[in-house]
Amino acid sequence: LFRTACCTMANVRDWRGDELSLTSFYYSIPRVTRTWLTAATLFTLACGLGFVPFGAVLLDWDRVLRKYEIWRPLTASFLLGPLGLNFLFDLVFLYRFSKSLETGVFMGSSAEYTWMLVVIEFFLCLASMVLVPLPILGRCLMMAIMHVWSRKFPRERVHVFVFAVPAAYLSFALLAINTLLAGRLDIPGIVGVLSGHLFYFLDAIYPSLHGHQRAGITKTPSWMYRLFGERPRNQPRNQRNEITQPRSASILSQIRGHHWGTGQRLGSAEDIDS
């Protein structure tokens, strides 16, 4: 009975009655985004439900440097914070913008996209050591990815609650909303946006200046290509034809494009985007 229930849950039908596999949908996600999304979900759920103590995975530089708990920067980057509605929205943001970057700007190159995450993670770790303690890096990394996406697709329009804002101002709009809801500055979000903008500047703006080449830190090393079994691309990222998103792209557009079954419509999907 358990096996039958699992098989039933693993398959759904769209509005035309065609059977869709959740497994097929899962493996259709680019592999770096899929790995990050899976790790973020499992780590956050495990800590939120009490299976793993938060104290064992939070970023604590004193324990990293003195007790050699070197896994903490990595595990902290998989944590999105406490369970709740914000956790679900963060998963949607991660899926939407990470997938768009990996398949669009990075043209499916797992080596290049992973290296971008490594560089931004380095910026976040440096900021947590020098500027402000950041025990959880998952949301910082998500905000950094969102900001890079907004720089790459500045003319798109994204729905945040009931407002439609240009993508160029998306990260700033979310920072303002989080600050108003929490009643204090969204420090992790600010650090994430700054880290993402620093990567974007070194990767796209600095090389375009007269007499300068691509900054070495953002150039994917050859060993990273060998690790993923890929070959370096001759065309720089800032000269590639990026995949254009819909003119009125909403946060849930990627998920909304996959039919999970029939049901009663409660309202416009754009009204619940955030």
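Applying the selection to the range 156-187, what residues are in contact (Cβ under 8 Å) with a residue 40 or more places away in the chain and in a loop (DSSP other than H, G, I, E, B)?
156, 161, 162 - these are the residues of the range 156-187 that are in contact (Cβ under 8 Å) with a residue 40 or more places away in the chain and in a loop (DSSP other than H, G, I, E, B).
State the number of residues belonging to the range 24-75 that are part of a loop (DSSP other than H, G, I, E, B) and surrounded by fewer than 14 Cβ atoms within 10 Å (Cβ to Cβ).
Going through the range 24-75 one residue at a time, the tally reaches 8.
Can you tell which of 233, 265 is in a loop (DSSP other than H, G, I, E, B), at pLDDT below 50 and open to solvent by 60 Å² or more (accessible area, probe 1.4 Å)? Before the answer, list the steps.
Numbers: 233 fails: at pLDDT below 50.
Going through 233, 265 in turn, the sole match is 265.
So which of 117, 94, 80 ends up being in a loop (DSSP other than H, G, I, E, B), within 11 Å of the chain's Cα centre (by Cα) and either surrounded by 17 or more Cβ atoms within 10 Å (Cβ to Cβ) or at negative phi (or both)?
From the options 117, 94, 80, the qualifying one is 80.
Taking the conditions exactly as written (open to solvent by less than 40 Å² (accessible area, probe 1.4 Å) and touching a strand residue (DSSP E or B) at 6+ places or on another chain (Cβ under 7 Å)), does residue 204 satisfy them or not?
In short, no.
What's the number of the only condition in (1) touching a helix residue (DSSP H, G or I) at 6+ places or on another chain (Cβ under 7 Å); (2) under 20 Å from residue 38 (Cα atoms); (3) open to solvent by 20 Å² or more (accessible area, probe 1.4 Å) that residue 86 fails to meet?
If we test residue 86 against (1) touching a helix residue (DSSP H, G or I) at 6+ places or on another chain (Cβ under 7 Å); (2) under 20 Å from residue 38 (Cα atoms); (3) open to solvent by 20 Å² or more (accessible area, probe 1.4 Å), just (1) comes out false.
Name the single residue that is modelled with the lowest pLDDT among those in the range 188-223 being over 20 Å from the mean Cα position of the chain (by Cα) and assigned to a helix (DSSP H, G or I).
216
All but one of (1) under 18 Å from the mean Cα position of the chain (by Cα); (2) closer than 12 Å to residue 195 by Cα hold for residue 126; which doesn't?
Unmet for residue 126, out of (1) under 18 Å from the mean Cα position of the chain (by Cα); (2) closer than 12 Å to residue 195 by Cα: (1).
The values are calculated or read from the model by the stated rules, or taken from the named source; none is laboratory data. What you are looking at is a predicted structure, and each value in this text was computed from that prediction instead of being measured. Because the Cβ atoms are built from the backbone with ideal geometry, glycine has one as well, and the counts that use them run over all protein chains shown. SASA here: full protein model, heavy atoms, side chains in, ligands and nucleic acids out. Shrake-Rupley method; radii C 1.70, N 1.55, O 1.52, S 1.80 Å.
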